[in-house]
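Single-structure report; data block below.
The values are calculated or read from the model by the stated rules, or taken from the named source; none is laboratory data. Note that the structure is predicted; figures quoted are calculated from it, not measured. Glycine gets a Cβ as well: all are built from the backbone with ideal geometry, and neighbour counts include every protein chain shown. Each accessible area value is taken on the protein alone, full model and side chains, heavy atoms only, with ligands, DNA and RNA left out. Shrake-Rupley method; radii C 1.70, N 1.55, O 1.52, S 1.80 Å.
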Protein chains: 2
Amino acid sequence: MHADDMVLVSVDDHVVEPPEVFEGRLEERYQDAAPKFITRPDGTMAWLHEGEELVNVALNAVAGRPRDEYGWEPASIDEIRPGCYDVHARVKDMDAGGTLGSLNFASFPGYVGKVFVPTAARDRDLAAALVRAYNDWHLEAWAGAYPDRFIPMILPMMWDAELTAAEVRRAAALGCHAVSFSSNPYALGLPSLYSDTWDPFWEACVEVGTVPCMHIGSSGTDVVTSPDAPIESIYSLSPVNLIEAATDVVWSPMFRKYPELRVALSEGGVGWVPYFRERVDYIFDHTQHWSGMDLGGKLPSEIFDEHVILCFIDDAIGVENRHHLNLDNLTWELDYPHSDSEWPNAPERVMEHFEGVSDADIDKITHLNAMRHFQFDPFRLRAREDSTVGALRRSASDWDVSIKTVAERRALAAAH
Amino acid sequence: MHADDMVLVSVDDHVVEPPEVFEGRLEERYQDAAPKFITRPDGTMAWLHEGEELVNVALNAVAGRPRDEYGWEPASIDEIRPGCYDVHARVKDMDAGGTLGSLNFASFPGYVGKVFVPTAARDRDLAAALVRAYNDWHLEAWAGAYPDRFIPMILPMMWDAELTAAEVRRAAALGCHAVSFSSNPYALGLPSLYSDTWDPFWEACVEVGTVPCMHIGSSGTDVVTSPDAPIESIYSLSPVNLIEAATDVVWSPMFRKYPELRVALSEGGVGWVPYFRERVDYIFDHTQHWSGMDLGGKLPSEIFDEHVILCFIDDAIGVENRHHLNLDNLTWELDYPHSDSEWPNAPERVMEHFEGVSDADIDKITHLNAMRHFQFDPFRLRAREDSTVGALRRSASDWDVSIKTVAERRALAAAH
């Protein structure tokens, strides 16, 4: 297979929320309490919520910048590609990058809407209304604008498993089968993944076929070895949170209680998994005679293979070791517009790793697994031959994907 | 190669300290302040130090037990194999297990002698004297009793890099080229691996050719995701501390300052390393244009390959992926008498992973690399043909390695 012939569905990208997210989506009594998008006196932008200015409006949205400006955190939407926050521009960016489908995580609310948890502590109904409004915006204005291009995803109400279960059911009725969830709720001050608190949530997910997606960073904590560790150290250790999540879901009773449940480790990478599988089996071999752990007659690696969906951006070792993985649970990510992304050159990059991989297996990894797990069927709405990397790029040959400095981007925004 | 033909030198085993460690090894004014081995009213044993009873006298020393008794922490030396604390019995256990050489970490003081750090806070000279006495015992009575069978190792004075440097030089003059060191001193309340505090220590190590060995657990912290996580979760995540250490040493300036320095990641495993190498290079590719990180023109993976000695007990994935590793830095561990060990059947276990590995590479992994890095030359003292798994086991054919319950072990101890 040539890179142009791939069909790419990414299970991990990011939307930078535009100012109008909450507009017209709340009862009047709640409208004033909604987060507000503000421009500050110095020209930077923020979301104002609960009296706090959340300044990460465009968190790490560096796509299309020169790499020497990657370290300069975007402080306003004037500094980033419109594809970050404008769905029509996003689809053009996807075309130009050869990506057919995309699942988008939230930015300013945090991966699991953690900014709404303090709101819930003082007014649970308001907090739930805000999450519902956000989800409505995502389902209608974002993913819903191009149902052939987006895998819709909702935010949970992390403070309430029953409410989240209801929201999962409501969203599924609207065609959404992905929900963001924390890789370690305990780190957010909530019950852990071992707790039965979450059972109503898992139950709803199984009932309607929805996949909880645990993104790196969704525990709300970074792995930092010391205060003088450089940024490279923190980036190097970012998969550790998902190694921890992999551990918790394997040893938690959740999959014994809900055998149909699947979870995704978003941006977790894959290359560490063969070692992890071997390690948990080795541990179980040494502990099962005394610890009381009951895995229902299965090996921990079998539980992992069956229930955990793996997601990688660029992972030669993971692909090389795919014979140690469940190939039906292996998916690909673009990570647009974050700094780890290779957009718009990702197809060529990922193709380098597919040497020796059969066309059938490439298809599984690049789109078929994602389509099945998230019940995403773009070919109901468009022809497959118009959905390949080559076809999409041809349709966007006039779309500007040239590298632009922050200064150039600001000048462009001012001219509009 | 057949399992019987291997020569096994393990770079990670453990000594359970016998009562006499400090006897006759301290100036009279310090003798009373030395840790004391006591038997408590209930028959359990402890080391009494600084007014505290340290009950882990036989930490995890479960070799030779039935596996359903692995979870019952040994509480006295009557419950464990004499090979844990008696060097003559240890050598017999090594013979019976086919192991030629062994490097032994401390038990009751903690991997890096952290029990002496509070002592140093009130009396630095006393604390240093205690560490020196411990090291003298290890160098003379333990490793020194069989110089053809043990790689000697010393404890550091973690509170003082200059003192540790002096101790490294003193030990090297006595033929010792291994020193235990923390995988994250910051977690122990000390400067991090990024700090130049440790420069005198690294300098001494380079000067005399000594390898700092960072054992899992030597940061003094476990990776625990939540209080209700089962023991399997904590075991699954034990390598994470060394993934963190690998990260710190790659990005720290230490190897640029000391290009001859090598460190070992003891019990860190290997299977995660190919992914880690790929990941750090990917990160550097994305950060080097803005972060200011200077690696002297090298890739992070090159720094890792050059300076980091890898150590594995049982790691099929690591061996399968050895083409992604520096094979000159790959070493093997027995982990006697801990629960992860396969003693006395380790040779057959490890041989399973060596299918397709050349004899020359098996020799590197099983003993030649360890001999070179730790300047350990048993063949100066004994013939190689008497040092293979088969030859050693034949010499100990009458040694009892049968599985014994704790009750049986206690009855045996009472009979003596």
- Query: What number of residues in the range A:318-345 are within 14 Å of chain B (Cβ to nearest Cβ), open to solvent by 10 Å² or more (accessible area, probe 1.4 Å) and of a type in the set (A, V, I, L, M, F, W, C)?
  - Reply: 2
- The residue that is nearest to B:Val249 (Cα to Cα), considering only those in the range A:226-238 that are more than 7 Å from chain B (Cβ to nearest Cβ) and in a loop (DSSP other than H, G, I, E, B), is A:Pro227
- Query: Looking only at strands (runs of 3 or more DSSP E) that fall completely inside the range B:6-59, which ones have 3 or more residues that are under 20 Å from the mean Cα position of the chain (by Cα)?
  - Reply: B:8-14
- Message: Looking only at the range A:254-270, filter to residues that are of a type outside the set (Ser, Thr, Tyr) and touching a strand residue (DSSP E or B) at 6+ places or on another chain (Cβ under 7 Å); which one of those is farthest from the other protein chains (Cβ to nearest Cβ)?
- Response: A:Arg262
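Could you tell me how many of the residues in the range B:202-221 are within 30 Å of A:Ser195 (Cβ to Cβ) and either in contact (Cβ under 8 Å) with a residue 40 or more places away in the chain or more than 12 Å from chain A (Cβ to nearest Cβ) (or both)?
3
In the range B:271-297, which residue that is assigned to a loop (DSSP other than H, G, I, E, B) and crowded, with 24+ Cβ neighbours inside 10 Å is nearest to the other protein chains (Cβ to nearest Cβ)?
This residue is B:Gly271.
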- Going by the structure shown, is B:Ala246 among the aliphatic types (A, V, I, L, M), under 24 Å from B:Gly296 (Cα atoms) and out of contact with any Pro (no Cβ under 6 Å at 6 or more places or on another chain)? yes
- Given (1) surrounded by 22 or more Cβ atoms within 10 Å (Cβ to Cβ); (2) assigned to a loop (DSSP other than H, G, I, E, B), A:Asp148 misses just (1)
- Task: Could you tell me whether B:Trp251 is open to solvent by less than 10 Å² (accessible area, probe 1.4 Å), within 12 Å of chain A (Cβ to nearest Cβ) and among the aromatic types (Phe, Trp, Tyr)?
- Result: yes
- For the range B:44-64, indicate whether the set of residues that are at negative phi, open to solvent by less than 30 Å² (accessible area, probe 1.4 Å) and within 14 Å of chain A (Cβ to nearest Cβ) is non-empty. yes
- Task: Could you list, in sequence order, all residues of the range B:298-314 that are touching a strand residue (DSSP E or B) at 6+ places or on another chain (Cβ under 9 Å) and either more than 11 Å from every other protein chain (Cβ to nearest Cβ) or crowded, with 24+ Cβ neighbours inside 10 Å (or both)?
- Result: B:His307, B:Val308, B:Ile309, B:Leu310, B:Cys311, B:Phe312
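Among the candidates B:Asp314, B:Asp340, single out the residue that is touching an Asp or Glu at 6+ places or on another chain (Cβ under 7 Å), of a type outside the set (A, V, I, L, M) and in a loop (DSSP other than H, G, I, E, B).
Just a single option satisfies the conditions, and that option is B:Asp314.
Looking at A:Tyr111, A:Tyr30, A:Tyr70 in this structure, which one is within 14 Å of chain B (Cβ to nearest Cβ) and either open to solvent by less than 60 Å² (accessible area, probe 1.4 Å) or within 23 Å of A:His338 (Cα to Cα) (or both)?
A:Tyr70
Kindly evaluate B:Arg40 against the criterion of being touching a strand residue (DSSP E or B) at 6+ places or on another chain (Cβ under 8 Å) and without any contact (Cβ under 8 Å) to a residue 24 or more places away in the chain.
On the way: touching a strand residue (DSSP E or B) at 6+ places or on another chain (Cβ under 8 Å): yes; without any contact (Cβ under 8 Å) to a residue 24 or more places away in the chain: yes.
Yes.
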- Task: May I ask you to verify whether A:Leu190 is modelled with pLDDT of 95 or more and open to solvent by 10 Å² or more (accessible area, probe 1.4 Å)?
- Result: yes
- Message: Can you tell me how many residues within the range B:193-248 are crowded, with 22+ Cβ neighbours inside 10 Å, touching a Ser or Thr at 6+ places or on another chain (Cβ under 9 Å) and among the polar types (S, T, N, Q)?
- Response: 7
- helices (runs of 4 or more DSSP H) lying entirely in the range B:60-145 (those with 3 or more residues that are over 22 Å from B:Gly220 (Cα atoms) and in contact (Cβ under 8 Å) with a residue 12 or more places away in the chain): B:87-97, B:124-136
- Query: From the residues in the range B:114-143 that are surrounded by 24 or more Cβ atoms within 10 Å (Cβ to Cβ) and small (Gly, Ala, Ser), which one is farthest from the chain's Cα centre (by Cα)?
  - Reply: B:Ala127
